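These notes concern the structure reproduced below.
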Amino acid sequence: MDVHKNARLTPHSRAELVRRVLDEGQSKAIVAASFGVCSKTVSTWVERYEKEGWDGLYDRSSRPKCSPRLTSIEDVARIATLRRERRTGQQIALEVGVSKATVSRVLQRLGLHRLASLEPAEPVRRYERERPGELIHLDIKKLGRFKTIGHRITGNRKGQSNHRGVGWEFVHVSIDDASRIAFAEILPNEKKEAPSPSSRPPSLTMRGSALRSNAS
């Protein structure tokens, strides 16, 4: 239960108030003065305790007991049916004869305010190769190299120019579709001639031979 930050009485204080009046026989005026409330407030909680017991010392809901303008169950059902036919809020309001705000509140309460919630999402379709080496995903990321750090780290913009760069590096990433094993390598310049098979890095050569052997 949420209690207002400026509330003079809490359920525990109300119970103490009732105890002093009924058990100790103190007058309502004295008890009201000690708790900083009026005598009418003391009478209210004492009467509620006598009628409802300890449950009467808790705050009641502020919702009215009668709501003459509450949307009827039939209209709510029609709104839900029309929404499942993928009608818009304005179309539903004209069809049912209520305001757009009423339709919006009803759809929000029913969880149908989003079109995506009308139908369950389709499961993600994933493909996967049976054997390693059958399909490999390749990606290359181009990264700039700098000889000095920039102003975002030092906070000093003095002397900043385009001459800080000293070239590019390229991250080559390959992922096997069956095993989901990734391999990455940094190469200094993509414009250089590709190395011969005998001069390739051992890790890449071993990786390729392992994939070919598993695929066969």
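Structure notes:
- In segment 128-150, residue farthest from P188 (Cα to Cα) [restricted to those that are in contact (Cβ under 8 Å) with a residue 40 or more places away in the chain and in a loop (DSSP other than H, G, I, E, B)]: E130
- Filter result (surrounded by 13 or more Cβ atoms within 10 Å (Cβ to Cβ) and within 30 Å of the chain's Cα centre (by Cα)) within segment 94-108: K100, T102, V103, S104, R105, V106, L107
- Residue in segment 12-31 that is in contact with a Leu (Cβ under 8 Å, 6 or more places away or on another chain) and of a type in the set (S, T, Y) present: no
- Scoring G53 on the criteria (1) out of contact with any helix residue (DSSP H, G or I) (no Cβ under 9 Å at 6 or more places or on another chain); (2) not assigned by TED's automatic domain parsing to the domain that holds E16 leaves a single failure, condition (2).
- Subset of segment 112-153 [at pLDDT 80 or above, surrounded by 10 or more Cβ atoms within 10 Å (Cβ to Cβ) and more than 30 Å from A182 (Cβ to Cβ)]: L112, H113, L115, S117, L118
- Test: residue in segment 58-67 that is surrounded by 13 or more Cβ atoms within 10 Å (Cβ to Cβ), of a type in the set (A, V, I, L, M, F, W, C) and without any contact (Cβ under 8 Å) to a residue 12 or more places away in the chain: no
- A residue that is touching a residue at least 12 places away in the same chain (Cβ under 8 Å) and out of contact with any Phe, Trp or Tyr (no Cβ under 7 Å at 6 or more places or on another chain) cannot be found anywhere in segment 158-165.
The values are calculated or read from the model by the stated rules, or taken from the named source; none is laboratory data. All of these numbers come straight from a predicted model, not from anything done at the bench. We place every Cβ from the backbone using ideal geometry, glycine too, and count neighbours over all the protein chains shown.
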